[in-house]
Amino acid sequence: MRKIGSDPSFSVLEIERRGAAGFVWLNRPEQRNAMNDAMLAELPKAFEQLRKDPAVRVVVLGGRGPAFCAGADLARMDKAGRTSPVRNRAQAHKSAKFFRTLYEFPKPTIARIHGPAFAGGMGLVCACDVVIASEESVFCLPETRIGLVPAMISPYVTRAMGANAARRYLLSGERFSGAQAQRMGMVHEHVSAAQLDETVEKVTLALAACGPNALAETKKLFRAVIGAPLTPALISHTASVIAHARASEEAREGIRAFMEKRKPGWMPREL
């Protein structure tokens with residue numbers, strides 16, 4: 001994967017473009033990438049920038065230094081708890097909004113995990129589409145151990161881990177390994193540290209080979225069907241989605257390319 005360049009306009013994030021991939025690096029390594037006000041302000045801007053860039057087809061979220069993300073900066077949490085109820089709630093809503101933005105991001109997202117992914121850091125992981133973790137990765141939801149509630153991340157953690165596993169770890173605050181997370185279905189690939197970037201690149205290239213509109217619509221479809229009762233309305237919705245998709249120019253190009261044994265026009269040049 002060829003590195004195109006980085007964006008110098010962020011203070012606690014590092015943004016890179018490598019071919020068809022955009023990389024968002026949490027960049028507070030001395031603080032184990034704990035999320036402070038600056039990071040929570042920059043993350044939405046970074047993802048919006050990558051959303052608007054047609055050359056970016058996949059976004060990878062990773063962390064600099066020895067940890068992926070230690071969660072929220074506790075000094076920030078303590079300060080927020082001492083402000084007025086209105087301001088406290090407004091700050092919480094701002095953070096909660098970004099987790100939803102990440103979960104509903106129209107382009108595929110990959111969480112590249114090494115070392116600890118704790119609390120809100122684990123929320124970031126669970127809001128991504130694909131999770132690739134090294135053998136050194138460790139996960140934890142420690143909020144209850146310090147009198148907090150893992151509220152904002154709970155919808156994403158529960159979906160990624162499954163309700164039964166989430167119930168245990170949201171309550172107990174126990175740590176668990178990447179291997180355990182893979183057994184729960186939360187982690188898709190559990191690899192050695194030496195294989196981490198190679199595996200991220202492999203999955204990135206697989207996603208970048210797909211139709212960008214098809215990916216966005218499939219992500220929407222997944223959110224609509226997950227946990228939904230099998231009703232006539234749901235069946236009708238799925239029929240409407242495929243009818244719309246196969247009438248699209250992207251589908252016509254994909255079918256033509258397959259029949260003509262060539263790459264579709266949306267495929268990045270490096271593939």
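Listing for the model above:
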| read-out | value |
| --- | --- |
| Residues (in contact with a helix residue (DSSP H, G or I) (Cβ under 6 Å, 6 or more places away or on another chain), modelled with pLDDT of 95 or more and part of a loop (DSSP other than H, G, I, E, B)) located in region 34-59 | V56, R57 |
| Check on E143, within 30 Å of G81 (Cβ to Cβ) and acidic (D, E) | yes |
| Among residues of region 212-241, those that are assigned to a helix (DSSP H, G or I), over 18 Å from the mean Cα position of the chain (by Cα) and hydroxyl-bearing (S, T, Y), counted | 3 |
| Subset of region 179-198 [outside any helix (DSSP H, G or I) and aliphatic (A, V, I, L, M)] | M186, V187, V191 |
| Top-ranked residue in region 218-271 [being of a type in the set (A, V, I, L, M, F, W, C) and more than 22 Å from P106 (Cα to Cα); ranked as surrounded by the most Cβ atoms within 10 Å (Cβ to Cβ)] | A257 |
| Residue identified as open to solvent by 30 Å² or more (accessible area, probe 1.4 Å), within 28 Å of P150 (Cα to Cα) and either within 17 Å of the chain's Cα centre (by Cα) or not β-branched (V, I, T) (or both) among E42, E14 | E14 |
| Residue in region 121-135 that is over 24 Å from G22 (Cβ atoms), open to solvent by 60 Å² or more (accessible area, probe 1.4 Å) and not aliphatic (A, V, I, L, M) present | yes |
| Filter result for the condition that a residue is modelled with pLDDT of 95 or more, part of a helix (DSSP H, G or I) and closer than 19 Å to F47 by Cα, over V131, V125 | V125 |
| Single condition M77 does not satisfy, out of (1) touching a residue at least 40 places away in the same chain (Cβ under 8 Å); (2) within 20 Å of C128 (Cβ to Cβ); (3) open to solvent by 30 Å² or more (accessible area, probe 1.4 Å) | (2) |
| In region 23-33, the residues that are part of a strand (DSSP E or B) and in contact (Cβ under 8 Å) with a residue 40 or more places away in the chain | L26 |
| Filtered residues of region 199-211 (kept if part of a helix (DSSP H, G or I) and in contact (Cβ under 8 Å) with a residue 60 or more places away in the chain) | T199, V200, E201, V203, T204, L205, L207, A208 |
| Qualifying residues in region 80-111 (those that are among the hydrophobic types (A, V, I, L, M, F, W, C) and touching a residue at least 24 places away in the same chain (Cβ under 8 Å)) - the one farthest from K202 (Cα to Cα) | A92 |
| Total residues in region 147-178, condition without any contact (Cβ under 8 Å) to a residue 60 or more places away in the chain, in a helix (DSSP H, G or I) and surrounded by fewer than 19 Cβ atoms within 10 Å (Cβ to Cβ) | 9 |
| Sole exception among (1) surrounded by 18 or more Cβ atoms within 10 Å (Cβ to Cβ); (2) among the acidic types (D, E); (3) within 19 Å of V131 (Cα to Cα) for E104, by number | (1) |
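Yes/no matrix, rows are residues, columns are (1) at pLDDT below 85; (2) among the polar types (S, T, N, Q):
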| residue | (1), (2) |
| --- | --- |
| S11 | no, yes |
| R32 | no, no |
| K79 | yes, no |
| P85 | no, no |
| F98 | no, no |
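The values are calculated or read from the model by the stated rules, or taken from the named source; none is laboratory data. Worth saying up front: this structure is predicted, and the values here are computed from it rather than measured. Quick reminder, even Gly has a Cβ in these numbers, built from the backbone with ideal geometry, and neighbours come from all protein chains shown. Keep in mind that these areas ignore ligands, DNA and RNA; they rest on the heavy atoms of the full protein, side chains included. Shrake-Rupley method; radii C 1.70, N 1.55, O 1.52, S 1.80 Å.
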